[in-house]
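**Q** Sharing a structure below in structure tokens format, with a few things to ask.
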Amino acid sequence: MKTLWSVPPVTRRAAKVWLRNLHVFVKTWKVNFFPPFVEAFLYLFAIGLGIGTYVGQIDGIPYVNFIAPAILAISIMNSAFFECTYGSYVRMYYQKSFDAIIATPLSIEDVIAGELLWGATRSVISVAAMLPVFAVFGVISFPMALFIIPLAFLGGLMFAGIAMCFTAITPGIDTLNYPAFLFITPMVLFSGTFFPLALLPLFFQYIVVAILPLTHIVAIARMFTLPALSPVLLLHLTWIVGVTIIFCVLSINLMRKRLIT
Amino acid sequence: MNEIIEARNLTKNYNDVVAVDGISFTVRTGEVFGFLGPNGAGKTTTMKMISCLSPRTGGSLTVFGMDPEEHPTVIKAKMGVVPQETNLDPDFSCAGNLTTYARYFDIPAAEAKARADTLLAFVQLEEKRDVLIDKLSGGMKRRLILARALINNPALLILDEPTIGLDPQARHLIWERLKLLQAQGNTIVLTTHYLDEAARLCDRLVIMDKGKILVLGTPADLVKQYVGSEIVEVEMTDEVLACLADLKISYEHAGDMVQIATESARDIVKALLDHCKPKRVITRQATLEDVFLKLTGRTLKE
């Protein structure tokens, strides 16, 4: 009997779904590469140079250097999350792509796993498009900052899994706005992104660390870009890996429940 | 192996609703086997169970001698499916749809491209090769779906209302192609609402209603067994009705006409003309439609 916590029987065929999405992405690459590229500029100018001029430094770090890793972390989150909510929902519900694919040797588990991997890949692509901009402005430190790329895959997979759970239970595409506004937006603001967590009341600090996934991505990203490594990295990493496994498994099983009747 | 699909007491419930209620049938290799029935009869659910897309609630089912729930990957690799709902990939062109689909079957890229070209020609869509799905007419989409279902050279083809909403030209093209596929040794299972389509294509068929199989047989046998060979239709007037009662001829109402099923239309018409003063009389061959309406009733199903 399959439950929501069974290990889903995913096979290598999941790669075919990933490849399908990659082909569509490459066909429209001009539209796809532009946003993260521009986003990097916008953030740097508006917040980094604009607000940064007044703020100056945080804990001895120039403000623009402080927020650069946060901008990358937010991009990791947004890319995977929106790909696996709106993107996957459109493919599932409007295009009926999943129905078409599961009539072939692929199973629904393969399809969803392929979608999750694709979501993570979108995060990697975004970060890869943004890194050169930050490099030119000299606000992140190489080569350590390159570790953001594998982090983008892991963090992307976590947000893909969380997003796919919402997609699996949403009654329609409009209700996906709720997680976007009630979950994503607060994270953008309160995960140690634009001001240090230490400014929050202690109680909220605990809550943020316990339940807001972006906090851990921002923390690791900042260690890589400043750079300022510390053993706490392992704790953040463990948190991310655990949550990633839980939500990826859950999302595949929820999707099976939704689509196989 | 002569039986390609074997169902015994096959049952499917959706929560408390019984969609398929203990049906048994076998589909033989090389035949065209039809499922007829009004909306909600359980045809599509049966197709989904055969194509490993929906687990059964009870009974047994084997496809290629295997259980769809145990060996879906092997079964699906040898099967082509045309779903009722058009689910082509709008992000790709016609050829792109076929080659992308081919990849799901582990067909190498070069081979996939060759097959895509052959199949586009087969369904007469060569000129639309690089056109996006949005730009296709309904008939073209159905033809492309048929081509897509054939990309893995399937031994068994499952078609859920293959010609729904098509104009006569497109329907004829699909019929012709299906006949060709059968001649090449494919087994075809299809559902349809169109009784002329079923009569034309199917070697054997079942008529389903409310999740059960009502009858199974060849189209000709079913017509002979359940209706007779000819139908006389006469305009319904009080005089005619009274007269038919006097003559002890049994009849059925069909709108503003009265239908009399018979082995000899000539005798019935003669009796009508001699005794009943009919306004309008039509004689015709009995068809599958007469069987269908007789078995499933004339009231609207929804």
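**Q** Starting from residues that are away from every other protein chain (no Cβ under 13 Å), among the hydroxyl-bearing types (Ser, Thr, Tyr) and surrounded by fewer than 21 Cβ atoms within 10 Å (Cβ to Cβ), keep the ones in the range B:46-66 and report whichever is nearest to the chain's Cα centre (by Cα).
**A** That would be B:Thr62.
**Q** Somewhere in the range B:67-79, is a residue closer than 23 Å to B:Glu161 by Cα, β-branched (Val, Ile, Thr) and at the interface with another protein chain (Cβ under 10 Å from one of its Cβ atoms)?
**A** Among the residues of the range B:67-79, at least one is closer than 23 Å to B:Glu161 by Cα, β-branched (Val, Ile, Thr) and at the interface with another protein chain (Cβ under 10 Å from one of its Cβ atoms), which makes the answer yes.
**Q** Considering only the range A:44-55, I want to know if a residue exists there that is modelled with pLDDT of 85 or more, under 15 Å from A:Ala129 (Cα atoms) and not hydroxyl-bearing (Ser, Thr, Tyr).
**A** no
**Q** Here is a follow-up. Restricting to the range B:104-137, and then to whatever is open to solvent by less than 50 Å² (accessible area, probe 1.4 Å) and closer than 20 Å to A:Val17 by Cβ, can you tell me which residue is nearest to the other protein chains (Cβ to nearest Cβ)?
**A** B:Tyr104
**Q** Turning to a different aspect of this structure: When the range B:240-287 is examined, which residues are found to be in a loop (DSSP other than H, G, I, E, B) and open to solvent by less than 50 Å² (accessible area, probe 1.4 Å)? Break it down into steps so the answer makes sense when it comes.
**A** First, the residues of the range B:240-287 that are in a loop (DSSP other than H, G, I, E, B): B:248-251, B:255-256, B:263-264, B:276-280, B:286-287.
B:Ile249, B:Ser264, B:Cys276, B:Pro278, B:Ala286, listed by residue number.
**Q** So B:Arg200 clears everything in (1) open to solvent by 40 Å² or more (accessible area, probe 1.4 Å); (2) assigned to a helix (DSSP H, G or I); (3) farther than 12 Å from B:Gly34 by Cβ except one condition, right? Which one?
**A** (3)
**Q** For A:Ser107, work out the one condition from (1) within 24 Å of A:Lys30 (Cα to Cα); (2) small (Gly, Ala, Ser); (3) within 14 Å of chain B (Cβ to nearest Cβ); (4) open to solvent by 20 Å² or more (accessible area, probe 1.4 Å) it doesn't fulfil.
**A** Failed condition: (1).
**Q** Follow-up. Would you pick out the residues in the range A:152-172 that are open to solvent by less than 10 Å² (accessible area, probe 1.4 Å) and within 25 Å of A:Leu44 (Cα to Cα)?
**A** Listed by number, the residues that qualify are A:Ala152, A:Gly155, A:Gly156, A:Phe159.
**Q** Based on what the data block shows, is A:Phe34 open to solvent by 50 Å² or more (accessible area, probe 1.4 Å), away from every other protein chain (no Cβ under 12 Å) and under 18 Å from A:Ser123 (Cα atoms)? Walk me through it before giving the result.
**A** On the way: open to solvent by 50 Å² or more (accessible area, probe 1.4 Å): yes; away from every other protein chain (no Cβ under 12 Å): yes; under 18 Å from A:Ser123 (Cα atoms): yes.
When the stated conditions are applied, A:Phe34 passes them.
**Q** Please verify whether A:Ala160 is in a helix (DSSP H, G or I), more than 14 Å from every other protein chain (Cβ to nearest Cβ), under 30 Å from A:Lys96 (Cβ atoms) and modelled with pLDDT of 95 or more, treating the condition exactly as stated.
**A** Criteria met by A:Ala160.
**Q** Take the conditions closer than 30 Å to A:Glu109 by Cα, open to solvent by 10 Å² or more (accessible area, probe 1.4 Å) and at pLDDT 95 or above and apply them to A:Leu254. Does it pass? Give the derivation first.
**A** On the way: closer than 30 Å to A:Glu109 by Cα: yes; open to solvent by 10 Å² or more (accessible area, probe 1.4 Å): yes; at pLDDT 95 or above: yes.
For A:Leu254, the condition - closer than 30 Å to A:Glu109 by Cα, open to solvent by 10 Å² or more (accessible area, probe 1.4 Å) and at pLDDT 95 or above - is met.
**Q** Something else about it: Restricting to the range A:54-79, count the residues that are assigned to a helix (DSSP H, G or I) and either among the basic types (Lys, Arg) or under 14 Å from A:Pro227 (Cβ atoms) (or both).
**A** Let us first name the residues in the range A:54-79 that are assigned to a helix (DSSP H, G or I), namely A:54-55, A:63-79.
Filter again for either among the basic types (Lys, Arg) or under 14 Å from A:Pro227 (Cβ atoms) (or both), leaving A:65-66, A:68-69, A:72.
Residues flagged as assigned to a helix (DSSP H, G or I) and either among the basic types (Lys, Arg) or under 14 Å from A:Pro227 (Cβ atoms) (or both) within the range A:54-79 amount to 5.
**Q** Which of the residues that make up the range A:57-103 are of a type outside the set (Val, Ile, Thr), open to solvent by 30 Å² or more (accessible area, probe 1.4 Å) and away from chain B (no Cβ under 14 Å)?
**A** Residues satisfying the conditions are A:Gln57, A:Asp59, A:Gly60, A:Pro62, A:Asn65, A:Asn78, A:Phe82, A:Tyr86.
The values are calculated or read from the model by the stated rules, or taken from the named source; none is laboratory data. Model, not experiment: these values are computed from the prediction. Cβ sites come from the backbone with ideal geometry, for glycine too, and all protein chains shown count toward neighbours. Areas reflect the complete protein model, heavy atoms only, side chains present, ligands, DNA and RNA absent. Shrake-Rupley method; radii C 1.70, N 1.55, O 1.52, S 1.80 Å.
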